[in-house]
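Enquirer: I have a structure I would like to understand better, so I am pasting it below and will then ask my questions one at a time.
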Amino acid sequence: MKKFKKMVKYAFVLGFAAVLLSLTGKGQVYAAYPVSINIVDYENENIIVNNNGNTKIYFATENDAARNSWEVMLADVGLTSEIDFSWVSPTVAQTIVIKGEDGTQHRVTLRERARKLEVSISYDKMAGLPKSATIATMVNIMSSAGSGLEPITFDNLEWRKGENGSWRHTSSLTVAQLEKLQIKGADLYFRIMATNDTTLRDGSAGRRISKEVRLKIAKKASPMVVGIDGEDFTADIRYGKEYRATINGLTSNWVQVTDRSTRNVPLALIANDGSTGLTADKSFPAMVIQIRNYATVRAAASKITEIELPAQRILPGPIVEGEAPADADSSDSKIYINYNGSANISITIPSASSDNPYQYCVVKPGDIFDLERVAWYSITRSTAVKVLASRATEGSEIFIRQKEIKSKPATRTTPAVSYELASTYLSHKIAYPSVPVVETKNLTFVKGISDDLTFNIQLNNAGKLPYETEINTIKLGTREIDFSPSYTPVLTDPLNPAVEYSITVTLKKEHLNDLPNSYSRALYINFKNGTVDRTSVRLTIQSPTPATTLTATAAKGTAVGSTSIRVITTVRSGNKLVYTKDATKVEGLHTENVITGTAFTQEADIPVTAGEYITVYEVNATTNKVVRYKCVQITSLFIR
């Protein structure tokens with residue numbers, strides 16, 4: 001019993017000595033406390049433990065710890081030690097049990113890494129972001145990590161460029177950086193960053209690095225070829241494209257074309273400043289148009305096509321009615337429209353050439369000017385171009401402008417040609433002047449008998465000026481006929497369109513008597529401005545036809561101083577008998593002679609004096625022209 005008490009006393013002394021050694025200085029032993037968890041370092045895959053005086057640290061999986069199968073490691077020099085857990089599979093959660101020399105256990109559950117991570121970019125959100133901003137608002141993230149309250153965000157990711165790039169925080173992935181990557185295209189890799197557990201220190205407040213995913217940044221599509229229709233003033237911008245314009249240093253916002261039926265966009269819509277390109281006050285200013293395929297959720301915007309359009313040319317004009325001067329040259333900017341009666345008009349543009357082409361279109365009455373519908377015709381010469389009245393009808397409007405000029409590169413022999421839109425236009429309403437209307441008439445001239453012949457020409461209708469005011473010649477075949485015009489009213493200079501003018505044309509009998517006989521031959525009336533009438537007036541020239549003889553006898557009348565005449569010849573239908581009493585004998589009559597006379601009654605008393613002549617005529621009942629006649633001298637034998 002005494003021996004046992006001595007052993008206990010000895011052990012107590014040794015234990016006390018050990019405590020004293022731990023509290024003394026150099027070469028003395030410290031007392032060991034339970035280890036504690038400092039950090040679960042998911043970034044470097046270490047569990048940092050506080051040594052707390054332990055020289056050895058034990059760790060094992062949950063299963064191994066249950067079997068008392070421990071890994072033993074010497075504590076690192078210093079206050080903490082690192083337990084590597086890179087050997088632990090990241091695909092499932094795994095619990096590591098840790099203890100010190102005193103046996104007090106701590107459990108750290110290493111979380112499984114995210115099973116799913118998908119990263120995509122919505123390129124349509126890129127517009128409007130400043131270049132210095134991150135692409136956070138463009139990125140879509142789907143992950144099995146995180147929760148509804150604390151989802152995985154852009155800030156939880158890190159990225160690298162290509163397979164060999166270094167991992168960087170997403171704060172460095174800006175819009176400017178993305179635009180650079182789009183020049184040639186690139187592969188980006190993303191992963192969820194590891195987060196260390198520094199609070200709960202049981203692994204639950206941290207996160208492993210996720211598996212990386214690849215995101216292909218496609219190369220921007222090449223610039224498209226965009227055509228400009230400088231005659232219809234449209235740009236070939238269709239569905240899926242967007243445009244903006246810079247005018248006077250101000251750049252508009254991008255405008256997307258979202259209508260699938262769109263085939264082109266009017267320049268007026270692109271400029272959006274009220275210009276239409278039609279008139280001088282609506283001319284297009286110089287502008288730079290930028291076009292690209294707009295960004296969608298899956299595709300970035302394409303590279304930009306840039307078109308520089310110079311300011312639209314303004315057609316100087318003016319339009320002048322009448323013929324161009326004979327000495328007009330390319331420096332003359334006027335446009336001359338001349339009416340060729342009502343048959344056609346002629347357009348003369350002295351400055352027009354193949355290098356400076358013009359064009360015109362005609363809009364008929366009732367139609368409207370529509371750039372997409374009108375048909376333009378080119379004028380590439382300085383001489384007159386005729387437009388028939390069937391195309392340029394009365395009341396139509398004619399539009400004239402300089403034609404669009406396509407750009408051409410310089411050659412060894414020719415300079416470069418810059419692109420030009422069609423110019424603004426000038427317009428002119430077509431109002432043909434009145435053409436002369438010649439009275440339709442059949443004239444008959446009997447040589448030696450007929451007097452001067454006349455017919456009328458109406459020069460204009462009220463409201464229009466006459467196209468012709470002067471007759472050049474009147475011809476019967478190849479022979480000119482002498483004539484004299486008489487104007488009603490007298491012509492003044494200038495003419496008044498409210499007044500109707502006419503000419504009474506007199507054909508001189510002196511000249512007609514010298515012309516050969518003809519039958520119903522048309523006169524060629526040639527006016528000074530070129531109008532020719534070949535059908536209205538027909539002329540018959542003939543020698544006189546002698547009137548034939550009636551058979552008639554004279555006898556005494558029933559009253560004193562009278563005589564009576566009996567006509568034996570039967571009067572033809574349509575004719576009648578008349579008589580005259582003359583002091584001289586009537587003879588040499590022709591069928592063109594007109595006799596009015598006194599109505600004749602068969603065997604009626606006619607007062608008469610001896611020696612006088614009574615002539616009985618058979619005349620046409622309508623024209624009173626002589627058909628037959630009989631002249632009888634009355635002697636005393638035939639007077640009662």
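Enquirer: If you work out Cα extents along the principal axes in Å from the coordinates, which of (1) 98, 73, 51; (2) 229, 55, 35; (3) 83, 56, 53 do you get?
Expert: (2)
Enquirer: Calculate the FRET efficiency for Y419 and E323 from the Cβ-Cβ distance with a Förster distance of 25 Å, rounded to the nearest 0.05.
Expert: On the way: r = 35 Å, r/R0 = 1.38.
According to the calculation, E is roughly 0.15.
Enquirer: How many angstrom separate the Cα center of region 320-358 from the Cα center of region 114-163?
Expert: Using only Cα atoms to place each centre, the spacing works out to 69 Å.
Enquirer: So, one more: For region 437-542, what is the number of Lys pairs with C-alpha distance below 26 angstrom, counting only pairs 8 or more positions apart or on separate chains?
Expert: For region 437-542, qualifying lysine pairs total 14.
Enquirer: Follow-up question, since we're still on this one. For T548 and V532 in one chain, what is 0.36 nm times their gap in residues minus the Cα-Cα distance, to one decimal in nm? If you can, show how the numbers build up before the last one.
Expert: Values: separation 16, 0.36 × 16 = 5.76 nm, distance 4.24 nm.
Gain on stretching T548 to V532: 1.5 nm.
Enquirer: So what's the net charge close to Y501: Lys and Arg +1, Asp and Glu -1, counting the other residues with Cβ under 15 Å from its Cβ?
Expert: Result for the local shell: -3.
Enquirer: Now for a separate question. Between D452 and E306, 0.36 nm times their residue separation minus their Cα-Cα distance comes to what?
Expert: That works out to 44.4 nm of additional length.
Enquirer: Work the Kirkwood hydrodynamic radius out for region 449-573: mean of 1/r over every pair of different alpha-carbon atoms, inverted, in Å.
Expert: After inverting the pairwise mean of 1/r, the radius is 18.5 Å.
Enquirer: Rounded to the nearest 0.05, what FRET efficiency do S346 and H511 have when you use their Cβ-Cβ distance and R0 = 35 Å?
Expert: Rounded to the nearest 0.05, the efficiency is 0.45.
Enquirer: Moving to a separate point now. For the pair A221 and E394, what calculated FRET efficiency results from E = 1/(1 + (r/R0)^6), where r is the Cβ-Cβ distance and R0 = 41 Å, to the nearest 0.05?
Expert: So, using R0 = 41 Å, E works out to roughly 0.15.
Enquirer: Going by amide H atoms built from the backbone, whose H comes under 5 Å of the H on V632, apart from near neighbours?
Expert: Answer set, sorted by chain and number: I614, T615, V616.
Enquirer: So what is the 222 nm mean residue ellipticity for the chain from helices alone, if each DSSP H run of at least 4 adds -39500 (n - 2.57) and you divide by all residues, rounding to the nearest 500 deg cm²/dmol? Write out the running numbers ahead of the final one.
Expert: Working: 5 runs with 46 residues, N = 640.
After summing the helix terms and dividing by residue count, I get -2000 deg cm²/dmol.
Enquirer: Also: Please list, by residue number, every one of the GluC sites (Glu not before Pro) in region 372-429 that is coil in DSSP and has at most 14 other beta-carbon atoms within 10 Å.
Expert: Those satisfying the criteria are E372, E394.
Enquirer: Follow-up. Would you kindly state how much longer the chain becomes between A583 and A522 on full extension, computed as 0.36 nm times their sequence separation minus their alpha carbon distance, in nm to one decimal?
Expert: Details: separation 61, 0.36 × 61 = 21.96 nm, distance 4.34 nm.
Going from the current span to full extension adds 17.6 nm.
Taken together, the values in this text are just the output of simple stated rules run on the coordinates, not laboratory data. Since we're looking at a predicted model, the values are computed, not measured. Cβ coordinates were reconstructed from backbone atoms using ideal geometry, including for glycine residues, and neighbour counts include every protein chain displayed.
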